[in-house]
Amino acid sequence: MHPYGVGVDPVVIIGAVLYFAIIIAVGIYSRKLTAGAADYYVAGRSVGAFTNGAALAATYLSPASFLGLPCFIFILGYPFWWALVGIIAGFPIAALLTAGPLRKYAPVSFTDYYCDRYEMPTAGRFVAGIPTLIAGILYVVLSLVGTALFMVALLHIPYKLSILIAAIIVLLYTVLGGMYATTWNAAFQCCLMVIAALIGAVAMIAKMGGWSAFWQTIMATSPKFFNMPSNPAGVQHPFMAMWLGVIGFYFTWHYGFAAMPYTVVRFFTTMDVKTARKSIFWATFMGGSLYVGLMLIGSGARAIMEKFHPLAAKAAPIAAAKGKPLAIIILVLIKKTFGIGKVTDYALIAAMESIGSSALMAIIVAGGLSIAMSTVAGWIMVLNSLISRDWMGKVLGSKFAEEQPVLSARVWTVVILVFCGLIALNPPALIIDLSGWAFVVILASIGPSMVLGIWWKRATKAAAIWTAFLMAPATFFTWLYAKMHFGKPHFFFLNKKIITPHQFYWIFVGFILFILISLVTKPPAEETVQKYCVELHEEE
Amino acid sequence: MIKPPKQLIFAFIIMYVYAFGWWIIEAANPGITTKMIAGAPAPVWYCWLGGLYLVNLFVAWMVGTV
């Protein structure tokens, strides 16, 4: 029996079991295709445009999209819609900034480009590899926790058992099928995510009385929902009280798609350059469709919870006594019931519970598990090639890693998942929060050297090293300072009155720093520039 | 500097002019965000459907033709 009166319907259990069965079956089938290292790491460079596009969207959009963004919309209001526009707008930008050139270069691992372009065969593995390792571990832990949260809240499986199940299933298909299984499963997971978000949104609109009634109820429940910073009546949340907050949230995730390791490696798997670029259209289509649904769910979440959620009656007197929105108290009660994650993690689940449909919850549980597990698998593939192939094989010269690359990668997959799973069993709150920093550190420290290395002949090795060396601690210190002193990492670390989401300005500082250092340091050799910069842009 | 393809320049222009354009309009006309059009506030059309979906899809299609 559910803690607040909603039992686990067999339909929901069937939905979850079917989902698990399909992704494990894909893993087992993919094993036959994984004969060599190229198959394991880059799926034999055989992936088509739609499959790669859907896999790109599923991998890039972490459980934060399903769990966090609807709640951000419901708390921050319409101004936060632009953040979602910014995220999806980053997909096409990535197509031209990195997708085509990197596919033409055709590396195996994320760090290969840094080694070749910046003439540092060993140091390049660490300059790009260390920020990637830290960010990857944080993301895998966060995504395992996200997967478990869905299982706890919707299937009522104990938390630790949920982590174990999630880790074992991801382990099964990444170990067996490598990038083939990861790609096909991510594409399948993307379809599930999109279907879940769109059906959830349509069901919510129907429950609230149709299109016009839906918007009227939102405006009646949250009168400042649509106000922008210049509105004299004020905005819904202080984060959106200044335009810098709106613009900052837009840009925070905007460039991520172009330089994040777990999306960049997907460009290596496509059949050719054109397929890499075309896959971005499908990534935009699928990611955009997901967000079309999530925007509606986030916008209507407060209104539907306050009207229909089973806990609304119990929460009403508490909300009245504390002077807080009823929906927030409902989320607080749910969080108390399950005891994991943050209050904001339950917005989508609570909104969908308010509709009261078992079939819908079955789709939501499959969609939620999909978005979380695809991110785990995507990062695992980046990390196992980083540690097994790059560090153990190329740097340390391990015979095992060189002579048996697939087995070595499989062993490291197990090690990484066990390590992250152990952290996820009892995750410190800060580890979960740090995933926001993980994003900025990658973009500010190694993003400039990737993008400018492709597009600017003058980009130098010294700039790549110093930008990584300076930006990693700078982003970490300012992010942590804002979090510790002001309570949220979205305040500018020196002044709480200025909103700078996740200290996003470091991304621009990183690019400027990279350019300045490049201009005053020794330029790269002409043949290196020709091979790893100029020729990447020439027509085939 | 490698000369960027014209589609990349157009992509940047379309996306940023669209977003910043609406922000400038909203700053100048704060009431526009609550103006109802076809049963929904105006941003539902120009941000949710236009910005998030149609503009991004058009740009993605355009860059795919490089």
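Nothing in this text is a laboratory measurement; each read-out follows from the coordinates by a stated rule. Note that this is a predicted model, so its numbers are computed, not measured. Because the Cβ atoms are built from the backbone with ideal geometry, glycine has one as well, and the counts that use them run over all protein chains shown.
Run the simple label-point estimate for A:Asp272 and A:Glu119 please: 7 Å along Cα→C-beta, distance reported in nm.
Reported label-point gap for A:Asp272 and A:Glu119 is 3.4 nm.
Determine the gain in length on full extension of the stretch A:Ile13-A:His537; use 0.36 nm per residue of separation and subtract their C-alpha separation, reporting nm with one decimal.
Here the segment from A:Ile13 to A:His537 would lengthen by 183.6 nm.
Search the structure for amide H atoms under 5 Å from the amide H of A:Phe491, placed 1.01 Å from N in the peptide plane, and list their residues when 5 or more places away or on another chain.
A:Thr500
For peptide B:26-36, compute the average count of partner chain beta-carbon atoms within 10 Å of each residue's beta-carbon.
Per residue, the average neighbour count from other chains is 5.
Taking a ≥ b ≥ c as the square roots of the eigenvalues of the Cα gyration tensor of chain B, is the shape rounded (a/c under 1.5), prolate (a/b larger than b/c) or oblate?
oblate
Tell me, what is the percent relative contact order of the range A:461-540, built from C-alpha pairs under 8 Å that lie six or more residues apart?
Contact order relative to length: 30 percent.
Report the local net charge at A:Leu519: Lys and Arg +1, Asp and Glu -1, summed over other residues whose C-beta lies under 15 Å from its C-beta.
+4
Would you mind getting me the FRET efficiency between B:Val17 and A:Ala233? Use the beta-carbon distance for r and R0 = 30 Å, nearest 0.05.
The formula returns an efficiency of 0.60 here.
What is the sum of charges around A:Thr174, taking Lys and Arg as +1, Asp and Glu as -1, for the other residues whose C-beta is under 12 Å from the C-beta of A:Thr174?
Net of charged neighbours comes to +2.
Residue-wise, which Karplus ³J(HN,Hα) couplings in Hz belong to the range A:431-441, taking 6.51 cos²θ - 1.76 cosθ + 1.60, θ = phi - 60°, and x for glycine or proline?
4, 5, 5, 5, 4, x, 5, 3, 5, 5, 5
Which ³J(HN,Hα) values in Hz, rounded to whole numbers, follow from the phi angles of the range A:119-126 under the Karplus curve 6.51 cos²θ - 1.76 cosθ + 1.60, where θ = phi - 60° and Gly and Pro get x?
Each residue's phi maps through the Karplus curve to give 6, 9, x, 9, 4, x, 5, 9 Hz.
Hey, can you rank A:139-145, A:287-293, A:168-174 by average C-beta count inside 10 Å, highest first?
Averaged packing, sorted descending, gives the order A:139-145, A:287-293, A:168-174.
In a shell of Cβ-Cβ distance under 9 Å around A:Ala482, excluding A:Ala482 itself, what net charge do Lys and Arg (+1) and Asp and Glu (-1) give?
+3
So how far apart, in nm, are the two label points at A:Arg458 and A:Lys160 if each is 7 Å from Cα heading toward Cβ?
With each label point 7 Å from Cα toward Cβ, the separation is 5.9 nm.
Given a Förster distance of 56 angstrom, what is the FRET efficiency for A:Glu527 paired with A:Ala220, based on the Cβ-Cβ distance and rounded to 0.05?
That gives a FRET efficiency of 0.25.
As an exercise, take the mean of 1/r over every pair of distinct alpha carbons in the range A:290-410, invert it, and state the Kirkwood radius in angstroms.
17.5
Test of understanding: what is the full-extension gain from A:Ala25 to A:Ala106, defined as 0.36 nm times their sequence separation minus their Cα-Cα distance?
Once the chain is fully extended between A:Ala25 and A:Ala106, it gains 26.2 nm.
Given a Förster distance of 41 angstrom, what is the FRET efficiency for A:Glu402 paired with A:Phe469, based on the Cβ-Cβ distance and rounded to 0.05?
It comes out at approximately 0.90.
Once Lys and Arg get +1 and Asp and Glu get -1 on their Cβ, which of A:Pro317, A:Thr183, A:Ile349 lies farthest toward the positive end of the dipole of chain A?
Going by the charge dipole, the pick is A:Pro317.
Would you calculate, for chain A, the mean residue ellipticity at 222 nm contributed by helices, counting each DSSP H stretch of 4 or more residues as -39,500 (n - 2.57) and dividing by all residues, to the nearest 500?
-22500 deg cm²/dmol
Could you give me the ³J(HN,Hα) list for the range A:260-274, computed from phi with Karplus coefficients 6.51, -1.76, 1.60 and θ = phi - 60°, whole Hz, x at Gly and Pro?
Listing the rounded values in order: 6, x, 6, 9, 4, 5, 5, 5, 6, 8, 7, 5, 7, 5, 4 Hz.
Which percent of Cα-Cα pairs in the protein assembly as shown sits in each 20 Å bin, short to long?
Calculated over all Cα pairs of the protein assembly as shown, the distribution is 21, 57, 21, 1 percent.
Would you work out the relative contact order for chain A, in percent, from Cα pairs under 8 angstrom that are 6 or more residues apart?
That works out to 28 percent.
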